[in-house]
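Visitor: One structure, pasted below without further comment.
Read-outs throughout are calculated quantities, based only on the coordinates presented, and are distinct from any laboratory measurement. Since we're looking at a predicted model, the values are computed, not measured. As a convention, Cβ positions derive from the backbone with ideal geometry for all residues, glycine included, and neighbour counts pool all protein chains shown.
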Amino acid sequence: MGRNAAAYGDDFYGWTQEQAGLLRAGKLSEVDAENLAEEIESMGRSEADRLRSCLRLILLHLLKWQEQPARRSRSWRNSIQRERDNAALVLEDNPSLTPKLPALFAKAYQLARREAARETDLPEERFSEDSPFTVEQTLDPAFPDDLEDGWRRSPRTPRV
């Protein structure tokens, strides 16, 4: 194990700064190539995980929106729109994730389905095994049609 590999395990921040310096100086033979490659791949996985998380949250709230219309809230609507904005930013910054959308979407739906069952106290079987929404619908700010006006306002208690 070279000095670089040891530093990787002992002082990650210091290791990153050293690797950046070596790369900028063109000292490629001194770079900890194996660990650096792992970190670069990990960064890419983090972006894919971030997109999957956005999709999961959108789908979770869409499922609740669909199954519990009487409980719709501004909070659900805002969560859907916020995560759509976040997903759009991830895709804008990482266009190479677009071909991976179907696989990320499928995994996100399974996670959202389980979470929706827990949050609503409905049986998981109540939610279809395959998403009732397409990727396009999930990311479409205008879907569903009643998103902007389909939430109920809680009656305010009159002030005395």
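Visitor: Please state the charge dipole magnitude for segment 46-139, taken about the Cα centre, from unit charges on C-beta atoms (+1 on K and R, -1 on D and E), reported in debye and rounded to the nearest 20.
Guide: Here the size comes out at about 300 debye.
Visitor: To continue, here is another question. Can you tell which of A88, P144, L23 lies farthest toward the positive end of the dipole of segment 10-160, using +1 and -1 charges on the Cβ of basic and acidic side chains (Lys, Arg; Asp, Glu)?
Guide: P144
Visitor: Next up: Rounded to the nearest Å, what's the spacing between the alpha carbon centres of segment 103-143 and segment 24-94? Just the number, please.
Guide: Spelled out, the Cα-based centre of one part sits 16 Å from the other.
Visitor: Sticking with this structure for a sec: How large is ³J(HN,Hα) for each residue in segment 115-122, as worked out from phi by the Karplus curve 6.51 cos²θ - 1.76 cosθ + 1.60 (θ = phi - 60°), to whole Hz, x for Gly and Pro?
Guide: Result, ordered by residue: 5, 4, 4, 5, 6, 9, 6, 9 Hz.
Visitor: Could you tell me the relative contact order of segment 46-139? Use alpha-carbon pairs under 8 Å, at least six residues apart, and round to a whole percent.
Guide: 39 percent
Visitor: Around R84, under 12 Å between beta carbons, what's the net of Lys plus Arg minus Asp minus Glu among the other residues?
Guide: In short, -2.
Visitor: Using all alpha carbons of segment 46-139, what is the percent of pairwise distances in each 10 Å bin, ordered from the shortest bin to the longest?
Guide: Pair shares across the bins are 17, 52, 26, 5.
Visitor: Oh, and also: Which whole-number percentage describes the relative contact order of the chain, with Cα contacts under 8 Å and a sequence gap of 6 or more?
Guide: Values: 127 pairs, mean separation 38.7, N = 160.
Across the chain, relative contact order equals 24 percent.
Visitor: Give me the lysines in straight-line cross-link reach of K27: C-alpha distance below 28 Å, same-chain residues under 8 apart excluded.
Guide: Answer for K27, where 28 Å is the Cα cut-off: none of the lysines qualify.
Visitor: About the Cα centre of the chain, what is the dipole size in debye to 20, counting +1 per Lys and Arg Cβ and -1 per Asp and Glu Cβ, all else neutral?
Guide: Charge dipole, the chain, about its Cα centre: 1000 debye, nearest 20.
Visitor: Which one, R45, R24, R72, has the greatest fluctuation when you compute a Gaussian network model over the chain with C-alpha springs under 10 angstrom?
Guide: With Cα springs under 10 Å in the chain, the top fluctuation among R45, R24, R72 is at R24.
Visitor: With springs connecting C-alpha atoms under 10 Å apart, model the chain as a Gaussian network and identify which of L51, L101, L62 has the largest mean-square fluctuation.
Guide: Looking only at L51, L101, L62, the largest GNM fluctuation is found for L101.
Visitor: Which translational diffusion coefficient, to the nearest whole µm²/s, is obtained for the chain from the Stokes-Einstein equation, given a Kirkwood hydrodynamic radius over C-alpha pairs, 4 °C and 1.567 mPa s? Please list the in-between numbers first.
Guide: Numbers: Rh = 18.7 Å.
My calculation gives 69 µm²/s for D.
Visitor: Hey, another quick one. Out of T16, T134, T98, any idea which swings most in a Gaussian network model of the chain, alpha carbons joined below 10 Å?
Guide: T16
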